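See structure below.
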Amino acid sequence: MPSMDEILQQQVEIIDRVGWSVVHVFPAPDDPATDVAFTYTVGLTAHDYPELVLAGLAPQIAQALLNDLGRRVFDQAAQFSHGERLSDVLAGYDAIINGVHAGSL
């Protein structure tokens, strides 16, 4: 199993190569307060873009979706708005953007 330093170094290498990385957070089996897995991007804010977060999806699906959305943001400067519906993310479903700004927390 890789050390935390090795994991962080790998993440830095991915960010340098791609522009962002994707991180999964899994629920702690003994902590009911953390019963939902979530996945988020790291690295987009270094380029003045917001980070993206998905919750409640299998890691493989969440990673694929965040990489798709990350490419849109990083490569095409896509800007999403709170409440915006994206019909081209998941076949047969709309994804709805729920924006939260750090200044409003």
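Would you check if there is a residue in the stretch 16-30 being more than 18 Å from Gln63 (Cβ to Cβ) and modelled with pLDDT of 90 or more?
From the stretch 16-30, those more than 18 Å from Gln63 (Cβ to Cβ) are 16, 28-30; that's our starting set.
Applying the additional criterion that residues be modelled with pLDDT of 90 or more yields 16.
Yes, the stretch 16-30 contains at least one residue that is more than 18 Å from Gln63 (Cβ to Cβ) and modelled with pLDDT of 90 or more.
Condition (residue is outside any helix (DSSP H, G or I), within 16 Å of Ile14 (Cβ to Cβ), touching an Asp or Glu at 6+ places or on another chain (Cβ under 9 Å) and modelled with pLDDT of 90 or more) applied to the stretch 86-94: is it met by at least one residue?
As a first pass, look at the stretch 86-94 and keep what is outside any helix (DSSP H, G or I): 86-94.
Filter again for within 16 Å of Ile14 (Cβ to Cβ), leaving none.
No: zero hits.
Considering only strands (runs of 3 or more DSSP E) fully contained in the stretch 1-80, which possess at least 3 residues that are under 29 Å from Tyr93 (Cα atoms) and either β-branched (Val, Ile, Thr) or touching a His at 6+ places or on another chain (Cβ under 9 Å) (or both)? Can you show your working first?
Details: elements: 21-25, 38-42, 53-55.
In the stretch 1-80, 21-25, 38-42 are the strands (runs of 3 or more DSSP E) which contain 3 or more residues that are under 29 Å from Tyr93 (Cα atoms) and either β-branched (Val, Ile, Thr) or touching a His at 6+ places or on another chain (Cβ under 9 Å) (or both).
Which residue is surrounded by the fewest Cβ atoms within 10 Å (Cβ to Cβ), if the candidates are limited to the stretch 1-41 and must be more than 15 Å from Arg71 (Cβ to Cβ) and touching an Asp or Glu at 6+ places or on another chain (Cβ under 8 Å)? Reasoning before the result, please.
Filtering the stretch 1-41 down to residues more than 15 Å from Arg71 (Cβ to Cβ) leaves 1-13, 16, 23-40.
Filter once more, so that each one left must be touching an Asp or Glu at 6+ places or on another chain (Cβ under 8 Å): 27, 40.
Values: Pro27: 13, Tyr40: 18.
So, considering only residues that are more than 15 Å from Arg71 (Cβ to Cβ) and touching an Asp or Glu at 6+ places or on another chain (Cβ under 8 Å), the one surrounded by the fewest Cβ atoms within 10 Å (Cβ to Cβ) is Pro27.
Okay, residues lined up against (1) touching a residue at least 12 places away in the same chain (Cβ under 8 Å); (2) out of contact with any Phe, Trp or Tyr (no Cβ under 7 Å at 6 or more places or on another chain); (3) closer than 18 Å to Gly99 by Cα:
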site: Pro27; (1), (2), (3): no, yes, no
site: Asp31; (1), (2), (3): no, yes, no
site: Val36; (1), (2), (3): yes, yes, no
site: Tyr40; (1), (2), (3): yes, yes, yes
site: Leu44; (1), (2), (3): yes, no, yes
site: Leu65; (1), (2), (3): yes, yes, yes
site: Leu69; (1), (2), (3): yes, yes, yes
site: His82; (1), (2), (3): yes, yes, yes
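The values are calculated or read from the model by the stated rules, or taken from the named source; none is laboratory data. Note that the structure is a prediction, hence the values are computed from the model and not measured. So basically every Cβ, Gly included, is an ideal-geometry build from the backbone, and we count neighbours across all protein chains shown.
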